[in-house]
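The next block holds one structure in the form of structure tokens; read it before the comments.
The values are calculated or read from the model by the stated rules, or taken from the named source; none is laboratory data. Keep in mind that this is a model prediction, so the values were computed, not measured. We place every Cβ from the backbone using ideal geometry, glycine too, and count neighbours over all the protein chains shown.
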Amino acid sequence: MADMERINTPVETAIAEHFAGAKAVLPGDAGARETAFARFAEAGLPHRRVEEWKYTDLRSVMREAAPLAPALADDDAVAALEASPWFAGIEAARIAIANGHVVASASDFADLPEGVSLETTAQALASGHPDLAALGAIPEASENIAYALNSAFMSDGVVIRVAAGTKVETPLHLRFVITGDSAVATATRTLVIVEKGASVTLLESHDSADDVAHQPNNVVEIVAEDETEIAHFRIDGHGSGAQALSTLTAHLGAHVAFDTLNMIARPGLVRHQVFMTFAGEHSKGGVRGATMLGERQHADTTLFVNHVAPHCESRELFKTALDGNATGVFQGRIAVAKEAQKTDGQMMSAAVLLSDGATMNNKPELEIFADDVLCAHGATCGELDDDLLFYLMARGIPRPEAEALLIESFLGETVEEAVDETDEAMREALMGVARTWLAARG
Amino acid sequence: MPAVQETIDRVKEIDVDQYKYGFETIIEMEKAPKGLNEDIIRFISAKKNEPEWMLEWRLDAYRRWLTMQEPDWARVNYPKIDFNDLYYYAAPKSNEAPKSLDEVDPEILKTYEKLGIPLREQEMLAGIAPENRVAVDAVFDSVSVATTFKKELAEAGVIFCSISEAVHEHPELVKKYLGTVVPKSDNFYASLNSAVFTDGSFVYVPPGVRCPMELSTYFRINEKETGQFERTLIIADKGSYVSYLEGCTAPQRDENQLHAAVVELVALDDAEIKYSTVQNWYPGDAQGKGGIYNFVTKRGDCRGKNSIITWTQVETGSAITWKYPSCILRGDGSRGEFYSIAVSNGRQQIDSGTKMIHLGKNTTSRIISKGISAGHSENTYRGLVSAHRKASGARNFTNCDSLLIGNNCGAHTVPYIESKNASARFEHEATTSKISDEQLFYVMQRGLDEEEAVALIVNGFVKDVLQKLPMEFAVEAQKLISISLEGSVG
């Protein structure tokens, strides 16, 4: 029964080789990168025997390790950015990141809203920017393998600071694209520090070509100081060949209102992780998402909501529509520490299976150490309601349209909850993702 | 609510020392040498006078066990068990196959009397209506000491005996079903059990027979440094019905003792099995010293169409509980149910739940789980509901609620819900809360003191599960709950 020494898979060996080649040229402290890589080297790619990765077996899915992408020529980057449609109808300050590198010529750096200061992550790493000390605010995220790999390889991104008391009206839009015919890997790190009493809306969109097995690994870290108000809307439009890892961390102070919504449509494989910690009292956090999958696509959303401070409220709502032979995964853990009395946490995951080949795996967890709390979770999965379909069809609506209507309203609940009801344009921008997917479904 | 008042009275009369089954029976025992190896297994097999095939089966399980690792995924912490520092066989010395109760050591009879389990049929009959009688198989450490009402059951065609007896008397049935629900290599503790199991109950209900009385097994661990490994096999043939109760206690000791049981249920077409457990092993003292490690594999196989298996459990004892009574819903239209109350207090750790595996068409399952944590305990519900590709029309409803009393304990819920069939419909809900001040205030305002008020509210909380218990058990279970919660208020 002796423990056997782990043998690297060819992909793990290839990743190690990429790291050996890249660490000398990547900006910043090489020692920190070594430490992060050691974490990966020790554990290897996560597989189904690793509880948090039970349903997304990277070891068996990742057959190749793509090399880290070099910066693109400006023309190529601009062409790729033009092809990315997300949030086009929303007026925003754009920050363009192509193949993992900031494209200054396609970004509104000269035109940033008042109170917003920005530097690229590459510059910040090279100059040892003091704000970088705020990275890794959530220890549970730092232990995560996707995050560790990002820490080892991170090449660029942006470091944003929103000055105290500033109400930023214009959203900041982070536009990520990956282009090229051969598969590349990217590792971007974005840090957003919102100072006391400030408010800001962040948009994040991702695009990569279909049929190419690009391997993006994105991390966005948000530090919300006291009395801030932050909305984060994300569209994951990675192509059907992509194997995308993404991590969002949100460290919330006191009296914070934080909301994040993630729309996932048609990626080859995606794992989106959210780590949210309530470190101050009387904060409210909402984590929501809608996932649309077909063919043999696979999407995994994994949450860790950690209530450390008392009197906070968290709401999680996730909807998944599955067609073809797709697999949906939802793992959500709400932890309530002994001190976090009067916590109110409610988590819901609902899935609709549209074909017999689809699979849904739900794992909503509660981990409670405080006695005066109200926590609940619910999970459902099933097919579309026959009665509702019949009702619509009896009114002359053909079956495909009736199905589309029902699916749209099912997914739309997440957008309804996350977006201010007066913000018509934002609702359209997000629901557009669902409509495009439904139209393609036919 | 008379039952509730009774519960409250019961709480009051309990001493600070809560565990009332902690006494020890002083009796001369015969033990196998300490440790585990093939010779010990041969020794056990020889003691039981087993045929060759049974020994081979055990040895095969043992060899598989050697290649396995102790599972560490459950949310329980305990020092590593030295499996070579245990006695795997302990039997009362006088117990050379007693022909009747008269030959059973009077000390053992007294033990069971003290536990409230009369083994003399005439005593049992006193004041009990015939339809409420219960047949008992009493297992003392490694051996079955008595089985009651055998004759009457035999007239109905029901076989109810210890599993060692079944190996001799009904080898064809044992060979056909043993290990078919929980295979030898199923998991670490099941493999260990397959290698060294010493006794347990065997039930076979022939086609179309409704078992005329409740069957019951009472497990007692008595000897020091001894593990108890019992194995229960229940087969309900086509169209039959059986209800089976299981109870367990152990003396109060400073050391931890291991209990690794395997229970296999097989329900053929249209058969129904009700399996109820009141688990009250010694939980250890307030500092977490001593107590039983309860690592149990229980699984029911709804092999035939329209078969039903119901698990009902009240878990109040054991230092550590690791137990997931499951149903494999293989037959079309079969049904699995799981009702559980898990109460943890002191330093107890419970990681328990169920698995409902939907394989057949139109299979249904229901899970109601109530966890109550008090003191410094940890209470985890862990459950799996899965629908395979062919399980069209599968339905599941799961409700697990947790209640925390005091803020030094933990309550956790870890459900796994996996669906591979579009027409399967699964619903899961879970809540965690404390007894609200409003509820307490409302009840106390009507003149109950705090402890009585908590008992009343907790009884309401677990009512759904208690209603599913057979009559005799429901009363006992209510008492147990009140005992486990004693001292947790304030």
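Counting just the residues of the range A:317-367 that are small (G, A, S) and within 19 Å of B:R382 (Cβ to Cβ), which one comes out nearest to the chain's Cα centre (by Cα)?
Only one residue tops the list, namely A:G332.
Can you say whether A:V162 is at pLDDT 95 or above, closer than 16 Å to A:V177 by Cα and not aromatic (F, W, Y), as far as the supplied structure shows?
It is false that A:V162 is at pLDDT 95 or above, closer than 16 Å to A:V177 by Cα and not aromatic (F, W, Y).
Output yes when any residue across the range A:125-137 is surrounded by 21 or more Cβ atoms within 10 Å (Cβ to Cβ) and outside any loop (DSSP other than H, G, I, E, B), and no when none is.
yes
Right, A:L149: outside any loop (DSSP other than H, G, I, E, B) and farther than 28 Å from A:R59 by Cβ or not?
no
Output the residue which, of all residues in the range B:438-478 that are among the basic types (K, R) and surrounded by fewer than 18 Cβ atoms within 10 Å (Cβ to Cβ), is modelled with the highest pLDDT.
Within the range B:438-478, the match that is modelled with the highest pLDDT is B:R446.
Collect the residues in the range A:192-212 that are farther than 22 Å from A:A418 by Cα and in a strand (DSSP E or B), keeping them in residue-number order.
A:D207, A:S208
Any chance the range B:389-406 includes a residue that's modelled with pLDDT of 85 or more, assigned to a loop (DSSP other than H, G, I, E, B), facing chain A (nearest Cβ under 8 Å) and within 30 Å of A:D300 (Cβ to Cβ)?
Yes, the range B:389-406 contains a residue that is modelled with pLDDT of 85 or more, assigned to a loop (DSSP other than H, G, I, E, B), facing chain A (nearest Cβ under 8 Å) and within 30 Å of A:D300 (Cβ to Cβ).
Just to be sure, is B:I368 on the phi < 0 side of the Ramachandran plot, in contact with a helix residue (DSSP H, G or I) (Cβ under 7 Å, 6 or more places away or on another chain) and more than 10 Å from chain A (Cβ to nearest Cβ)?
The answer is yes for B:I368.
Which one of B:S373, B:S386, B:S369 is assigned to a strand (DSSP E or B) and farther than 14 Å from B:H428 by Cβ?
Every option except B:S373 fails the conditions.
Name the residue, out of A:V352, A:V329, that is within 18 Å of A:L406 (Cα to Cα) and modelled with pLDDT of 95 or more.
A:V352
Which members of the range A:398-433 meet the condition of being within 19 Å of A:E383 (Cβ to Cβ) and surrounded by 14 or more Cβ atoms within 10 Å (Cβ to Cβ)?
A:A402, A:E403, A:A404, A:L405, A:L406, A:I407, A:E408, A:F410, A:L411, A:G412, A:E413 - these are the residues of the range A:398-433 that are within 19 Å of A:E383 (Cβ to Cβ) and surrounded by 14 or more Cβ atoms within 10 Å (Cβ to Cβ).
Looking only at the range A:340-381, which residues are within 7 Å of chain B (Cβ to nearest Cβ), assigned to a strand (DSSP E or B), within 19 Å of A:A279 (Cβ to Cβ) and not acidic (D, E)?
Selection gives A:I368, A:C375.
Restricting to the range B:407-451, and then to whatever is of a type in the set (S, T, N, Q) and more than 10 Å from chain A (Cβ to nearest Cβ), can you tell me which residue is nearest to the chain's Cα centre (by Cα)?
B:Q439
Name the one entry in B:H376, B:H388 that is over 20 Å from B:V181 (Cβ atoms), surrounded by fewer than 24 Cβ atoms within 10 Å (Cβ to Cβ) and either of a type outside the set (G, A, S) or within 21 Å of the chain's Cα centre (by Cα) (or both).
B:H376
Between residues in the range A:350-374 that are aromatic (F, W, Y) and residues that are surrounded by fewer than 23 Cβ atoms within 10 Å (Cβ to Cβ) and part of a loop (DSSP other than H, G, I, E, B), which pairs lie under 7 Å by C-beta distance while being six or more apart or on different chains?
Close Cβ pairs (under 7 Å, with a partner that is surrounded by fewer than 23 Cβ atoms within 10 Å (Cβ to Cβ) and part of a loop (DSSP other than H, G, I, E, B)) amount to A:F369/A:A337; A:F369/A:K338.
For the subset of the range B:230-260 comprising residues that are touching a strand residue (DSSP E or B) at 6+ places or on another chain (Cβ under 8 Å) and part of a loop (DSSP other than H, G, I, E, B), which member is farthest from B:C327 (Cα to Cα)?
Ranking the qualifying residues of the range B:230-260, first place goes to B:A250.
Name the single residue that is nearest to B:A374 (Cα to Cα) among those in the range B:302-317 being without any contact (Cβ under 8 Å) to a residue 40 or more places away in the chain and within 20 Å of the chain's Cα centre (by Cα).
Among those residues, the one meeting the criterion is B:E315.
Limited to the range A:382-421, what total is found for residues that are away from every other protein chain (no Cβ under 14 Å), in a loop (DSSP other than H, G, I, E, B) and of a type in the set (A, V, I, L, M, F, W, C)?
2
Could you say whether any residue in the range A:239-256 is farther than 28 Å from A:G180 by Cα, at pLDDT 95 or above, touching a Gly at 6+ places or on another chain (Cβ under 6 Å) and not in a strand (DSSP E or B)?
Taking every residue of the range A:239-256 in turn, at least one turns out to be farther than 28 Å from A:G180 by Cα, at pLDDT 95 or above, touching a Gly at 6+ places or on another chain (Cβ under 6 Å) and not in a strand (DSSP E or B).
For the range A:20-84, list the helices (runs of 4 or more DSSP H) that sit wholly inside it and hold at least 2 residues that are under 29 Å from A:T120 (Cβ atoms); which are they?
Once the helices (runs of 4 or more DSSP H) in the range A:20-84 are filtered for at least 2 residues that are under 29 Å from A:T120 (Cβ atoms), what remains is A:30-43, A:74-82.
Given the criterion within 16 Å of B:G227 (Cβ to Cβ), away from chain A (no Cβ under 14 Å) and among the hydrophobic types (A, V, I, L, M, F, W, C), identify the matching residue among B:I81, B:I44.
Going through B:I81, B:I44 in turn, just one is within 16 Å of B:G227 (Cβ to Cβ), away from chain A (no Cβ under 14 Å) and among the hydrophobic types (A, V, I, L, M, F, W, C): B:I44.
Hey, does the range A:326-338 have a residue that's without any contact (Cβ under 8 Å) to a residue 60 or more places away in the chain, more than 29 Å from B:G410 (Cβ to Cβ) and more than 7 Å from chain B (Cβ to nearest Cβ)?
yes
Taking the range B:391-411 on its own, how many of its residues are in contact with a His (Cβ under 7 Å, 6 or more places away or on another chain), under 26 Å from B:K289 (Cβ atoms) and crowded, with 20+ Cβ neighbours inside 10 Å?
1
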